Amino acid sequence: MRRAAGAAVRVAERRAAAPRRTAALLPRTGAWRPRPAAVPWRSFSATPAAAHGNLHQCKPGEEITIHFVMPSGETIAVDGAPGDNLLELAHANDIDLEGACEGSIACSTCHVILEPEVFDALEEPTDEENDMLDLAFGLTETSRLGCQINLTPDLQGMKVRIPSATRNVQSEKMQNT
Amino acid sequence: MTSAAAVVTATARHAWHPCPISILSGISRFSWRHPRSSPASASTSALPRPKALSTSTTSIPTTPLRHIAIVGAGPAGLYTATALRKKLPDAHIDLFEAHATPYGLVRYGVAPDHPEVANVTHQFDALVSNDPHIRVMTSCPVYGEMPAGGPAGRAGLPLDRLQQHYDATVLAYGGAGADRALGVPGEDGVPSRILSARAFVNWYNGRPRDVEIAPPALDCTSVVIVGHGNVALDAARILLKAPSSLAATDMPSSRVAYLAEHSRVRHVHLVGRRGPWQTAFTTPSLRELLTLMKNDGIAFRTNPERFWFWDKARTPAETASRANQRRVDLLRKAVDASVTTLKPGCSVPEKEPDRTCTFHFGLAPRAFTFSKQADSDVPIQAVFDHQEPRPVHADPSDPASPVIRINVGTRDVVGSPPPSPDGLTVGTTTLPCGLVLKAVGYRAQPLPFTPSNPTRAPFIFDTRRSRVPNAGDGQVVRSADDPTPVPGLYVVGWLKHGPVGTIASTWRDALQTASTILAAHDPAAKAAPSTGSPAKGGWPALEADVAQTNPALHAQWRPWTAWKRIEAAELARGATQQPAKPREKLLSEAAMHRVADGGLPHDADFV
Ligand SMILES: Cc1cc2nc3c(=O)[nH]c(=O)nc-3n(C[C@H](O)[C@H](O)[C@H](O)COP(=O)(O)OP(=O)(O)OC[C@H]3O[C@@H](n4cnc5c(N)ncnc54)[C@H](O)[C@@H]3O)c2cc1C
Ligand SMILES: NC(=O)c1ccc[n+]([C@@H]2O[C@H](COP(=O)([O-])OP(=O)(O)OC[C@H]3O[C@@H](n4cnc5c(N)ncnc54)[C@H](OP(=O)(O)O)[C@@H]3O)[C@@H](O)[C@H]2O)c1
Ligand code: FES
């Protein structure tokens, strides 16, 4: 079974043969992933097709499982297909990763932190990505822009940490509630 | 995962610049904590606390949070609404926007060749359009109070109406109301030739003409831009770009045509008063300009001696910042490349390039003089003092203490120590030009019609720091000198921390203010029994109040659907242009109001 480091692990079981979830077409309420009843989910970044309408198809067994580690410490595992990028994947699965410029390397809000081995195995970020990363809050040595990471089979099981957007105590609290 | 040690300082510049990042990561000026917000407060309550603060902690816990008003529908207001909505499924959030259009500086600030930045409006649109709990009223300026004798001109909504009818009121009206001034002779002398970059930005972004300005004088070959921030680079790019490359953007066609017909600008001077390490522009903006220059054959120019001299003036924190390192490296490369192409001693005289962009360092504005010779291409003489880097130590009396800032100062030619022989830190430089753009920063202002008698206002605007006084977390306080919280009043965005920051930092800032609001209220409470006041009525109560007491405003304000009609007209017009544009903006408020009310746009509305 899949395991992840965080407290609660929710694994997205998805029938790979079925068409990939296209967020622009499907209602975004009543998502497959259970949410606490007190907080009915509303789309935080309901960015239409441009951001996440183009998830890729893949054959059964070729799904790539990604573990998103939320600022609260909770880990959420979701399946993607080769070619999906982390921002699209997060949005299609209602995972709170901001993407203000919808993947055009113009905002740095999709900042994620990778494990060192994964970071090293990936191709170097472009100058443009590095420039934008310079503006990311809480930059680390293994930071990347989520919108620039495309899934490949090598990334199977990787952990992607979504940093807290603020270091403010109360904000942390808000994100944890 | 990575250790804390791996965290790289985002930009060391924030150490002294009033930037949201330092505020977010730093400690607020006083630590006011609501008893419900943390168990730790039980122990802290034993500590002596300012009287005003302890009073507020007893009254706030039961304050409900069902009706929230937000003043301004720019990124800060809309991101705050987004964050609150997510946590408060039953709350009603109403935004009040002065203009007929939402999105603030995303529409009237962000450069037309940055359409990706405007993508953020898609999510705001989805938020407002699909949610009956969120209302945006446009053409509804909020005022400090009702102008005496009734409103002359535009009707407005006095702030106390919002405070009366809403559980929480969030000030998000931005910091784009005015400009910082240079305070040097001649800067206001020739309004068409010495103007703020803000006026130029408003012009090229088609801010409604009933609010702003005439076209700038572009009948000259040389333009001086004062300031080394991103707005300066935006202005330089727009001036240096081929107008045809702007045709397919949302820059109004009439502005593109004006640039194509009237602009003779070929040389742009970007003048900063400090050095490369202290530049305020960001690496993406710098790289974008340098790439444009490379592709369009625009030569990079600088005084290399002055550049290298100033390169040495930096603080340890500046050097340690990855962002600073990469930005300065990019500049160094450009300087190196420009030096090697100069070919000193070459027998064939080098042809002066047709178009140039010159970066000047260590030059502070001294005066602008204007000569009235009608035929002169360079009627303005912009005079700058050569500056000397002045390290500011953490402990001013101890030169061994860490350097926290590089300031600038002008060295007396007569005084000691002796002036540098090369004149790097003494003397003046005069740049003859036909247009000066002052890109030295925007300035936030108090709400229009703020009571002059401070006892009648809920807080006293911090004019010095150009912001609404707040505890660093978005809680509005009485004044810069009085940290008493103003219950139920919050601030976010440029208005909270001063006019700096990007969409990304504004987003983080909105999360912070939203969390402050959530911590200070109890969403489950119906009314505030402790104060005995009745439950707030929110929008229905406000609307009834306005209908009765402020009929002019009731006739003037418009719902979100009005903006959608304006947008539809703009998109339709844009699609018919050659080449097609993402939108063709309506250029007057009168036209916007007509279209908002179902009328047709006229050709003249777009000119
Ligand atoms: C020229 C320029 C270019 C920029 N380019 C970029 C860029 O490329 N990328 C980037 O990330 N950031 C950019 N920024 C920064 C970005 O625009 C700001 O960070 C952001 O807009 C700040 O949001 P805000 O909501 O605090 O203020 P604003 O955007 O100014 O929004 C304030 C809103 O309040 C309204 N308002 C004002 N007074 C009242 C009143 N009395 N009553 C009711 N409403 C009122 C205004 O009309 C406006 O809609 C740029 C800024 C400028 C100036
Ligand atoms: N593409 C983008 O992301 C983008 C585009 C536009 C704007 N923005 C953001 O919008 C904000 C505002 O930008 P801005 O350019 O208006 O302001 P800014 O970043 O604060 O830059 C102002 C510049 O003016 C200089 N200056 C100030 N007072 C001066 C004086 N009296 N004499 C000479 N120089 C003076 C400053 O130098 P000192 O440091 O020495 O004071 C600084 O170089 C910034 O945070 C910016 O990043 C972002
Ligand atoms: S979404 Fe804007 S940089 Fe990735």
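Take the stretch A:147-160 and flag every residue that is within 16 Å of ligand 3 (Cβ to nearest atom) and within 13 Å of another protein chain (Cβ to nearest Cβ). Steps first, please.
Pass one, the stretch A:147-160, residues within 16 Å of ligand 3 (Cβ to nearest atom): A:147-151, A:160.
A:147, A:160 - these are the residues of the stretch A:147-160 that are within 16 Å of ligand 3 (Cβ to nearest atom) and within 13 Å of another protein chain (Cβ to nearest Cβ).
Across the stretch B:61-83, what is the number of residues that are within 16 Å of ligand 1 (Cβ to nearest atom) and either in contact with a strand residue (DSSP E or B) (Cβ under 6 Å, 6 or more places away or on another chain) or among the charged types (D, E, K, R) (or both)?
Residues in the stretch B:61-83 being within 16 Å of ligand 1 (Cβ to nearest atom) and either in contact with a strand residue (DSSP E or B) (Cβ under 6 Å, 6 or more places away or on another chain) or among the charged types (D, E, K, R) (or both): 8 in total.
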Notebook entry, point to check: Residue check, residue B:244 against (1) surrounded by fewer than 22 Cβ atoms within 10 Å (Cβ to Cβ); (2) within 16 Å of ligand 1 (Cβ to nearest atom), all met but one. Which one?
Noted result: (2)
Next item on the list: Could you tell me whether any residue of the stretch A:113-124 is in contact (Cβ under 8 Å) with a residue 40 or more places away in the chain, away from ligand 2 (no atom under 16 Å from the Cβ) and under 12 Å from the mean Cα position of the chain (by Cα)?
Entry: yes
Check: Within the group A:106, A:90, which residue is facing chain B (nearest Cβ under 7 Å) and within 26 Å of residue B:122 (Cα to Cα)?
Finding: A:106
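Within the stretch B:568-583, restricting attention to residues that are of a type in the set (D, E, K, R) and in contact (Cβ under 8 Å) with a residue 40 or more places away in the chain, which residue is nearest to residue B:256 (Cα to Cα)?
First, pick out the residues of the stretch B:568-583 that are of a type in the set (D, E, K, R): B:570, B:573, B:581, B:583.
Right, trim to in contact (Cβ under 8 Å) with a residue 40 or more places away in the chain and you get B:581, B:583.
Working: B:581: 12, B:583: 14 Å.
Selected residue: B:581.
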Check: Could you list, in sequence order, the residues of the stretch B:180-197 that are crowded, with 19+ Cβ neighbours inside 10 Å and in contact with a Leu (Cβ under 9 Å, 6 or more places away or on another chain)?
Finding: B:193, B:194, B:195, B:196, B:197
Notebook entry, point to check: If you check every pair at least six apart or on different chains, which have Cβ atoms under 7 Å apart with a residue in the stretch B:305-316 that is basic (Lys, Arg) first and a residue that is crowded, with 19+ Cβ neighbours inside 10 Å second?
Noted result: B:306/B:361; B:306/B:362; B:306/B:424; B:314/B:277; B:314/B:406
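For residue B:255, indicate whether it is more than 16 Å from ligand 2 (Cβ to nearest atom), away from chain A (no Cβ under 14 Å), closer than 30 Å to residue B:288 by Cα and not in a strand (DSSP E or B).
On the way: more than 16 Å from ligand 2 (Cβ to nearest atom): yes; away from chain A (no Cβ under 14 Å): yes; closer than 30 Å to residue B:288 by Cα: yes; not in a strand (DSSP E or B): yes.
Judged against the criteria, residue B:255 is a match.
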Next item on the list: Could you grab me the full set of residues in the stretch B:103-123 that are within 16 Å of ligand 3 (Cβ to nearest atom), touching a Pro at 6+ places or on another chain (Cβ under 7 Å) and closer than 25 Å to residue B:594 by Cα?
Entry: B:106, B:122
Next item on the list: Search the stretch B:454-478 for residues that are assigned by TED's automatic domain parsing to the domain that holds residue B:514 and more than 20 Å from residue B:508 (Cα to Cα) and pair each with any residue that is among the aromatic types (Phe, Trp, Tyr) and surrounded by fewer than 21 Cβ atoms within 10 Å (Cβ to Cβ) when their beta-carbon atoms are under 9 Å apart and the residues are at least 6 apart or on different chains.
Entry: B:477/B:30
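For residue B:238, are the conditions met, namely being under 25 Å from residue B:573 (Cα atoms) and away from ligand 3 (no atom under 16 Å from the Cβ)? Lay out the reasoning, then the answer.
On the way: under 25 Å from residue B:573 (Cα atoms): yes; away from ligand 3 (no atom under 16 Å from the Cβ): yes.
Yes; evaluated as a whole, the condition is true for this residue.
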Check: Can you spot a residue in the stretch A:119-142 that is within 9 Å of chain B (Cβ to nearest Cβ), farther than 20 Å from residue B:325 by Cβ and buried (at least 22 other Cβ atoms within 10 Å of the Cβ)?
Finding: no
Next item on the list: Any residue in the stretch B:105-134 that's among the small types (Gly, Ala, Ser): show its pairings with residues that are in a loop (DSSP other than H, G, I, E, B) and near ligand 2 (Cβ under 10 Å from one of its atoms) at Cβ separation under 8 Å, as long as the two are six or more apart or on different chains.
Entry: B:109/B:176; B:118/B:110
Check: Which one of B:271, B:231 is of a type in the set (A, V, I, L, M), away from ligand 1 (no atom under 16 Å from the Cβ) and within 30 Å of residue B:388 (Cβ to Cβ)?
Finding: B:271
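Would you point out the residue of the stretch B:186-199, among those that are assigned to a helix (DSSP H, G or I) and farther than 12 Å from residue B:110 by Cα, that is nearest to ligand 3 (Cβ to nearest atom)? Quick ask: steps written out before the conclusion?
Going through the stretch B:186-199, the residues assigned to a helix (DSSP H, G or I) turn out to be B:197-199.
Checking the rest, the ones that are also farther than 12 Å from residue B:110 by Cα come to B:197, B:199.
Values: B:197: 25, B:199: 30 Å.
Among those residues, the one meeting the criterion is B:197.
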Next item on the list: Please specify each residue of the stretch A:80-105 satisfying the condition of being surrounded by fewer than 24 Cβ atoms within 10 Å (Cβ to Cβ) and within 16 Å of ligand 2 (Cβ to nearest atom).
Entry: A:104, A:105
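The values are calculated or read from the model by the stated rules, or taken from the named source; none is laboratory data. Everything numeric here is computed off the predicted structure, so don't read it as measured data. Reconstructed Cβ throughout: ideal geometry from the backbone, glycine too, with neighbour counts over all protein chains shown.
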